[in-house]
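As structure tokens, the structure follows; a few thoughts come after it.
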Amino acid sequence: MADIKTVGVVGAGQMGVGIAHVCALAGYSVSLHDISRERIDAGVELAHKNLTRQVGRGIITADQMDGALARIAPAEGLAAIGATDLVIEAATENEELKKAIFKSLAPHLGTQTLLASNTSSISITRLASTTDRPERFIGLHFMNPVPLMKLVEIIRGIATDVDTYETASTFAKSLGKTTANAEDFPAFIVNRVLAPMINEAVYTLYEGVGTVDAIDTAMKLGANHPMGPLELGDFIGLDTVLAIMNVLHEGLADSKYRPCPLLVKYVEAGWLGKKAGRGFYDYRGEHPVPTR
């Protein structure tokens, strides 16, 4: 198995920063990259904020936070990312964008560098086929928020070799995560179940069966869910939910995965959920208010 000591993270959004956060806390040296220095700096600041919150809650010590922050280095160029032992791509859930990232990385990679994607739905086999090392390519799907959620789905492409799988599994466990193996089918396990549930909740709203508040209250108190499906969709990002539903619908050709027209309309309006200030709830005031 490869010995992972350094990790490159491509994408300094919520997921990429969360991955950098847990890797740095576990003792790995992390290089964080995005398309601009401003985005990278914002990502480092978010990591600082999240680590500070953990210190405040007694989850980690101030020394652990300082050590983790010292291990996260901004990487403006791809050369610094390519020099790491493991590169984890955590860009937007868009297949062409992810393929372009891996193609751009190719000239900078060391011969032994492992590649991983944090995709929540896209074929690992297809992504791997655009690289020069499909046998050293794997899916590592972290859950959001990464510092809190214990699961990492591990997805092997058709060409992924045994050493890559064993190294990736050992690495994920070294972060304090529990792993679940998923076959390389659209949306894997978690989102194969979760995204259609959210989509069905949107249909329930679309058809007038219940209001936003009624649907979320019913699922929290009637099914013991910690968060209602519409609130959860807002938290994930309605654009991400729609992207997953499109992958399921196109990949499995089953009408039960058809995205709800209301979900499409919200995304077209830019009402993407909590990150945009509005989704099925309006987050611009002191308390979230249902938008329907």
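Of everything in the range 258-275 that is over 21 Å from the mean Cα position of the chain (by Cα) and under 23 Å from Phe185 (Cα atoms), the residue that is surrounded by the fewest Cβ atoms within 10 Å (Cβ to Cβ) is Arg258. For the range 154-170, a residue qualifies if it is outside any helix (DSSP H, G or I) and touching a strand residue (DSSP E or B) at 6+ places or on another chain (Cβ under 7 Å), and the qualifying residues are Ile154, Ile155, Arg156, Gly157, Thr160. State which residue pairs qualify: first residue within 19 Å of Val55 (Cα to Cα) and inside the range 138-149, second residue of a type in the set (A, V, I, L, M) and not in a strand (DSSP E or B) in any location, beta carbons under 6 Å apart, and separation of 6 or more residues or different chains. Note: pairs meeting the criteria are Val146/Ile19; Val146/Val22; Pro147/Val22; Met149/Met143.
Tell me which of these Ile40 doesn't satisfy, since it passes every other one: (1) among the hydrophobic types (A, V, I, L, M, F, W, C); (2) within 18 Å of Leu78 (Cα to Cα); (3) assigned to a loop (DSSP other than H, G, I, E, B). Every condition holds for Ile40 apart from (3).
Could you tell me whether any residue of the range 200-219 is out of contact with any strand residue (DSSP E or B) (no Cβ under 7 Å at 6 or more places or on another chain), closer than 16 Å to Glu93 by Cβ and outside the structural domain of Thr119 (by TED's automatic domain parsing)?
Just the residues of the range 200-219 that are out of contact with any strand residue (DSSP E or B) (no Cβ under 7 Å at 6 or more places or on another chain), to begin with: 200-210, 214-219.
Still in the list and also closer than 16 Å to Glu93 by Cβ: none.
Within the range 200-219, not a single residue is out of contact with any strand residue (DSSP E or B) (no Cβ under 7 Å at 6 or more places or on another chain), closer than 16 Å to Glu93 by Cβ and outside the structural domain of Thr119 (by TED's automatic domain parsing).
Number of residues in the range 93-140 that are within 18 Å of Glu153 (Cα to Cα) and of a type in the set (Ser, Thr, Tyr) equals 6. Going through the range 213-264 one residue at a time, which ones are free of Cβ contacts under 8 Å to residues at least 24 places away in the same chain, under 19 Å from Pro290 (Cβ atoms) and touching a Phe, Trp or Tyr at 6+ places or on another chain (Cβ under 8 Å)? If the condition is that a residue be free of Cβ contacts under 8 Å to residues at least 24 places away in the same chain, under 19 Å from Pro290 (Cβ atoms) and touching a Phe, Trp or Tyr at 6+ places or on another chain (Cβ under 8 Å), then Met227 is the only one that fits.
The one condition from (1) hydrophobic (A, V, I, L, M, F, W, C); (2) out of contact with any helix residue (DSSP H, G or I) (no Cβ under 6 Å at 6 or more places or on another chain); (3) surrounded by fewer than 20 Cβ atoms within 10 Å (Cβ to Cβ); (4) more than 22 Å from Thr92 (Cβ to Cβ) that Ile158 does not meet is (2).
Selection of the range 1-16 for residues being farther than 18 Å from Lys150 by Cβ and part of a helix (DSSP H, G or I) yields only Gly16. Pairs meeting the criteria (first residue in the range 25-39 and assigned by TED's automatic domain parsing to the domain that holds Gln64, second residue of a type in the set (Asp, Glu), beta carbons under 7 Å, at least 6 apart or on different chains) are Arg37/Glu76.
Regarding Val247, is this residue outside the structural domain of Arg156 (by TED's automatic domain parsing) and either touching a Leu at 6+ places or on another chain (Cβ under 8 Å) or of a type in the set (Phe, Trp, Tyr) (or both)?
Values: outside the structural domain of Arg156 (by TED's automatic domain parsing): yes; either touching a Leu at 6+ places or on another chain (Cβ under 8 Å) or of a type in the set (Phe, Trp, Tyr) (or both): no.
No; evaluated as a whole, the condition is false for this residue.
The values are calculated or read from the model by the stated rules, or taken from the named source; none is laboratory data. Note that this is a predicted model, so its numbers are computed, not measured. Cβ coordinates were reconstructed from backbone atoms using ideal geometry, including for glycine residues, and neighbour counts include every protein chain displayed.
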